[in-house]
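Novice: So that we are looking at the same thing, I have put the structure below in structure tokens.
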Amino acid sequence: MGLRWLGAAWLVLVLAMAAAAQPSVSGFVALDVQGFPHQPIFPQQDTNQVLPSLLLQPEFTYDWANGNDRLTVVPMARLDFSDDRRQRFDLREFNWLHVAPNWDLLVGVGKVFWGVTESRQLVDIINQTDRVEDLDGRDKLGQPMVRLAFAQDWGTLSFFALPYFRERTFRGEKGRLRGPFVVDTGNPQFESSLKEWHPDVAARWTHALGDWDVAVGYFRGTSRAPRFTLNVRADGQPRFIPIYDQMDQIGLELQWTVEAWLWKLEAISRWGHGEHFSAVVAGFEYSFFSLFGTALDLGLVAEYLYDGRGDEAPRTLFENDVFVGGRLAFNDVGGTSILAGAIVDNQTGATFVTLEASRRLGDRWTIELESLAFFDVPPTGLLYSVRRDDYVQVRLSRFF
């Protein structure tokens, strides 16, 4: 409820500032159809093997003051026919941006991405992960923020004030791709007595030094990833209760471009989940251009993932893993591309394989394919509860 009141007050303020602006409207509407070849593990889950849903995400922008000021509003709404937690409305962006010669200011609900690696977004910490939309961690909720950035010859320095915390979303009782127990999102626990109103802060410096792209980020506040404790409700049903700790994180991003090679690294050092720990993702991407004399470009990716967290920290899939994959760009009129990869646990052999493909159909339509499959998951693994949730999703989108 607090976020709704904050959003309403901000709407009145910014609309008053943009009263003389000319609006621009874009966005898309999409039909998602997920196919699950296997029956679910848990009896409460939807047993239909084909699960459709509808997604609407418009984008409204208003520019004024010769383009130095912009209001951006990006709502999203999903109509789902199987999982009530996927049937919802969210505000991805709702902000005012002011651009000056050497600095800019953003106030409102925004989205920020940090990171360079392919397999895991290790340093990305500002926005909350939207687990209802996808398992890969790339879909994010809008984050209330004030961001002030200064651009100088020595790089860009950005400061963030984050006055409100958004809890992670999780799929419901009927949903596929969920854990063994439903997460009770209505009763979260917080280390801070201020709960979701704890003021978080962050800062980031980025700079290009010849062939090197460098970034250093710092975050202090409420952990975006919760721990869980098991609780039994009055009706006897067990539930996971999310617990959000306070934490500090320092992150490093490096990317070195040399001819057809991209060498990448993300590393973090974190305090606040029991003992201090570090984690790293490092690897490369090598590109073959005009493959076999055709228009095809092929990029091969390999990365190593390490995470040294202890038992008191939120659990992770990526303690000691290897990612290998490839990106194929057809460079045709439809912009056809295919990305495939696999992450293998070096200790257990557990593997999950992903496939993404997309193509434009004319000026307004696109079709996308997404697939995920699990192999050799041990009973003690985090993926054991979704081992039968292999799926293929087809998305048909109409842009406007």
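Read-outs throughout are calculated quantities, based only on the coordinates presented, and are distinct from any laboratory measurement. None of the values given here were measured: they were computed from a predicted structure. Counting neighbours? That spans all protein chains shown, and the Cβs are built from the backbone with ideal geometry, glycine included.
Novice: Within 10 Å of each candidate Cβ there may be at most 10 other Cβ atoms; applying that plus a DSSP loop requirement, which chymotrypsin sites (Phe, Trp or Tyr not before Pro) in the range 142-183 survive?
Specialist: On the way: sites: PHE150, TRP154, PHE159, PHE160, TYR164, PHE165, PHE170, PHE181; in loops: TRP154, TYR164, PHE165, PHE170, PHE181.
Of the chymotrypsin sites (Phe, Trp or Tyr not before Pro), the ones in loops of the range 142-183 whose Cβ has at most 10 other Cβ atoms within 10 Å are TRP154.
Novice: Answer with a single label: of [x] 136; [y] 208; [z] 162, which was calculated as volume of the Cα convex hull per residue in Å³ from the structure in view?
Specialist: [z]
Novice: Which three lengths, in whole Å and largest first, does the range 20-97 cover when its Cα atoms are put on their principal axes?
Specialist: Computed over the Cα atoms, the extents are 57, 18, 14 Å.
Novice: Quick one: of the DSSP bridges fully inside the range 188-300, what percent are antiparallel, nearest 5?
Specialist: Counting only bridges with both partners in the range 188-300, antiparallel ones make up about 95 percent.
Novice: Take peptides 382-395, 232-245 and line them up by average Cβ neighbours within 10 Å, highest first, as a rough protection proxy. Present the calculation step by step, with values, prior to reporting the outcome.
Specialist: On the way: 382-395: 17.6, 232-245: 13.9.
Result, highest mean Cβ count within 10 Å first: 382-395, 232-245.
Novice: Separate question: In debye, nearest 20, what is the charge dipole magnitude of the chain about its Cα centre with +1 on Lys and Arg Cβ and -1 on Asp and Glu Cβ, if you could check?
Specialist: 1060 debye
Novice: Before anything else, pin down the relative contact order of the chain: Cα pairs under 8 Å, at least 6 apart, normalised by residue count, whole percent.
Specialist: Working: 1026 pairs, mean separation 48.5, N = 400.
Dividing the mean separation by the residue count of the chain yields 12 percent.
Novice: At a 10 angstrom cut-off on C-beta neighbours, averaged per residue, how do the peptides 34-46, 104-116 rank from highest to lowest?
Specialist: 104-116, 34-46
Novice: Using the alpha carbon gyration tensor of the range 34-189, what are the three equivalent-ellipsoid semi-axes (square root of 5 times each eigenvalue), largest first, in whole Å?
Specialist: Sorted largest first and rounded, they come to 36, 17, 14 Å.
Novice: Let me check against my output: what whole-number percent is the relative contact order of the range 128-203, with C-alpha pairs under 8 Å and at least 6 apart?
Specialist: The value is 30 percent.
Novice: Work out Dmax and Rg for the range 188-230 from the C-alpha atoms and quote the Rg first, both in angstrom.
Specialist: 16.1, 51
Novice: Based on alpha-carbon centroids, what's the gap between the range 333-359 and the range 250-318 in Å, whole number please?
Specialist: After rounding, the separation between the Cα centres reads 15 Å.
Novice: I've got another one for you. Quick check on the range 11-159: of the DSSP beta bridges with both residues there, what percent are antiparallel, nearest 5%?
Specialist: Beta bridges within the range 11-159, antiparallel portion: roughly 100 percent.
Novice: Report the convex hull volume per residue for the range 186-339, counting only C-alpha atoms, in Å³. Don't skip to the end; give the middle numbers.
Specialist: On the way: hull volume 28.5 nm³, N = 154.
About 185 Å³ per residue, rounded to a whole number.
Novice: Still on this structure, I have one more. Tell me, what HN-Hα J-couplings in whole Hz come from the Karplus equation 6.51 cos²θ - 1.76 cosθ + 1.60 at θ = phi - 60° for each residue of the range 366-376, using x for Gly and Pro?
Specialist: 9, 10, 10, 10, 9, 9, 9, 9, 10, 9, 6
Novice: Follow-up. For PHE323, PHE318, what's the fewest-to-most ordering of other Cβ within 10 Å of each Cβ?
Specialist: By the 10 Å Cβ count, ascending: PHE318, PHE323.
Novice: Another question, then. Going by Cα centres, the range 179-202 and the range 85-156 are how many Å apart?
Specialist: One Cα centre to the other: 20 Å.
Novice: Can you pull a Stokes-Einstein diffusion coefficient for the range 112-170 at 10 °C (1.306 mPa s), Rh from Kirkwood over Cα pairs, as a whole number of µm²/s?
Specialist: Details: Rh = 13.0 Å.
Calculated translational D: 122 µm²/s.
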